[in-house]
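For reference, the structure discussed in these notes is given below.
The values are calculated or read from the model by the stated rules, or taken from the named source; none is laboratory data. All figures in this text were calculated on a predicted structure; none of them were measured in a lab. Glycine also receives a Cβ, built like all others from the backbone with ideal geometry; neighbour counts cover every protein chain displayed. Surface areas here come from the heavy atoms of the whole protein model, side chains and all, with no ligands, DNA or RNA. Shrake-Rupley method; radii C 1.70, N 1.55, O 1.52, S 1.80 Å.
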Amino acid sequence: STISKNSLKISLLQLECHFTWTLLKQDVDLEALEETIVDHIMFFEETNIVDYNILSYVCHLKNSNEEALSNLKKAEEAVQKHHPDEIARRSLVTWGNYAWIYYHMQRYEEAQTYVSKVENTCKSLSSTAHWKIQLPEIYAEQGWALLRFGGNYFERAKNSFEKALESEPDNPEFNAGYAIAMYRLENIAQRNCEEVSPSLAALKRAVELNPRNTIIMALLALELQRLKQVDEGERYIEEGLQKTPALPIFLRYAAMFYRKKKEISKAVKIFKKALELTPNSVVLHHQLGICYRFKIVQLKETEDTLQEEVENVIECAIFHFKTVIEKKPKFVSAYSDLASIYALGKRYEEAEETFQKVLQRDNLSCAEKQELYFNYGNFQRFDMNSESKAIKYYIECLKIKKDSYGRNKCREVVEKLLQKKIRRGLGDATDIGTLGLVHSLNDEKQKAIECYKKAIALDPNNEEYQNALCELQLSI
């Protein structure tokens, strides 16, 4: 009956599970996410409950509810195996997911059964809460789910782990999740030129509490490397290689460490080993592509390199970057990466095509657009020898006001290019006016006014410059 369906929906919204944590389908590539989780299940038995729960949610998003149910069954088996004394407490998220999936399958009585299970457990575990029970492991599970859904969710993930740590500050797993969230947030902040809150302390603490967890060890190593403490970092990588020589996620970070250390052959060897273990990993394909790009540049700078050798490495790089784009179309920077390889191979039409595929999308974030305009500007400037087109795209980037690595780069480059032209006496009113626009986009109003005045002196009838000057003078 409709009434029970409505009251059921109200109850469902009270549950703490993947369906109420606002994990949005449009923020991930479901295929790639599913492969990541399946790989994780293969190598980490102790986190199976969390993995099967999120896998069931991903299956539901892919409209395979039967498969979703079978993954929840596996989550229940994992609870019985790892937490036989706390079955009810450890099953709350699983039962919540069951309720939602049955609801979506229009099996309302079964959904109600699971809602009641959760309700009764919450009552028995806490005398006060009717529903909302603040269990640290539920906060942690939410944190892990948020980490899986990408950059927009990392801040929330950090908060979830913080809440879990409030009641169990020494819990190794919660500290590990918190440190990972901090590390990833720091990476994003750096790319966007925002205030960075360092993750070093959190990583060190997590490593102390998780001496067997080589993944945290590897992240600590990468953080130390970033802080120019390379030797100390490498000690952790070597220790990890001893402890888990066949753990793909660890191998990936170890290889990244050597790639950043410019030991490319060593990095490639480790990446390939990891790829044998998890052949579907998008990240591994992307990282291998980056290694091969580095190699191409190296080979081109070496005198007696055979053209055939360069061609072979170019083909390798193209293969890996193409795989990334096929498996994860939302990975925007991979398009620029692929285009850069085509350009290195002088295959300019293919490079242009690759850029156009992603330039025409309307669902990119500000930072993604800015980086794309910077890369495309560079392609126009260095490969197509068109400085004017390059300037046009650098300026498109500046029109997006958000601070980011890409925007800062564009700003530096475009100012230099225009000033150089003007200094050499080749600059006309257009160049000086364009420099005015650049200053104005960077909120350097005085400099912009000077430029527009000079441009008007050279081209007195130009209305665009006169209007711009007028607006600036009014805004001061």
- Query: Remind me, relative contact order of the chain in percent, using alpha carbon pairs under 8 angstrom and six or more residues apart?
  - Reply: 8 percent
- List the lysines whose Cα lies under 21 Å from the Cα of K453, skipping any in the same chain that are fewer than 8 positions away. K416, K420, K421, K445
- How would you classify the range 5-133 from its alpha-carbon gyration tensor, with a ≥ b ≥ c the square roots of the eigenvalues: rounded for a/c under 1.5, else prolate if a/b is greater than b/c, otherwise oblate? oblate
- Which whole-number percent is the relative contact order of the range 264-364 (Cα, under 8 Å, 6+ apart)? 22 percent
- Message: Can you work out the Karplus-derived ³J(HN,Hα) for every residue in the range 87-103? Use 6.51 cos²θ - 1.76 cosθ + 1.60 with θ = phi - 60°, whole Hz, and x for glycine or proline.
- Response: 4, 4, 4, 7, 9, 4, 5, 4, 5, x, 4, 3, 4, 5, 5, 4, 4
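Across all directions of projection, what mean area in square nanometres is found for the Cα convex hull of the range 110-190? Before the final figure, lay out the partial values.
On the way: hull surface 25.6 nm².
Mean orientational projected area (the range 110-190, Cα hull): 6.4 nm².
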- Message: List the trypsin sites (Lys or Arg not before Pro) within the range 398-476 that DSSP assigns to loop and that have no more than 15 neighbouring Cβ atoms inside 10 Å.
- Response: K401, K402, R424
- Item | Rounded percent of accessible protein surface that carbon and sulfur make up, the chain, 1.4 Å probe | 50 percent
- Message: Can you return the aspartates and glutamates within cross-link range of K81? Criterion is Cα-Cα under 12 Å, with same-chain partners fewer than 8 residues away left out.
- Response: E45, E46
- Unit charges at the beta carbon, dipole of the chain: most positive-side option, Q229, V28, S265: Q229
- Among all the lysines, which ones have a C-alpha under 21 Å from K158's C-alpha, if same-chain residues fewer than 8 places away are not counted? K25, K132, K204
- Query: How big is D for the range 385-424, in µm² s⁻¹ as a whole number, if Stokes-Einstein is applied with the Kirkwood radius of its Cα pairs at 20 °C and 1.002 mPa s?
  - Reply: 205 µm²/s
- Message: I need two numbers for the range 380-473: Rg to one decimal and Dmax as a whole number, Cα atoms only, in Å.
- Response: 13.0, 39
- Message: If packing is taken as the average number of other Cβ atoms within 10 Å across a peptide's residues, how do 435-442, 222-229 rank, most packed first?
- Response: 435-442, 222-229
- Going by accessible area, probe 1.4 Å, with all protein chains left in place, what is the ranking of D362, D29, largest first? D362, D29
- One finds, for N152 and E263 with R0 = 30 angstrom and r their Cβ-Cβ distance, a FRET efficiency to the nearest 0.05 of 0.35
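Taking the Cα centre of the chain as origin, work out the dipole magnitude from +1 charges on Lys and Arg Cβ and -1 charges on Asp and Glu Cβ, in debye rounded to 20. Walk me through the numbers on the way to the answer.
Working: 65 positive and 70 negative charges, 134 e Å.
Using Cβ point charges on Lys, Arg, Asp and Glu, the chain gives about 640 debye.
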- P(r) over all Cα-Cα pairs of the chain, 20 Å bins from 0 to the longest distance, whole percent per bin, short to long, reads 20, 45, 28, 7, 0
- Name the residues whose placed amide hydrogens come within less than 5 Å of the amide hydrogen of E168, ignoring near sequence neighbours (fewer than 5 apart) on the same chain. none
- Note on the structure: Interchain or sequence-distant (5+) residues whose placed amide H lies within less than 5 Å of the amide H of S386 are R381
- Message: Probe of 1.4 angstrom, ligands and nucleic acids ignored: what's the accessible area per residue over the range 417-475, in square angstrom?
- Response: 60 Å²
- Per-residue accessible area for T430 at 1.4 Å probe radius, Å² rounded to 10? 80 Å²
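Just by accessible area at a 1.4 angstrom probe, what is the order of S70, S199, S167 from largest to smallest? Walk me through the intermediate numbers first.
Values: S70 50, S199 0, S167 75 Å².
Heavy-atom accessible area, descending, gives S167, S70, S199.
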- Query: At a Förster radius of 51 Å, what calculated FRET efficiency corresponds to the Cβ-Cβ distance of T47 and R347, to the nearest 0.05?
  - Reply: 0.70
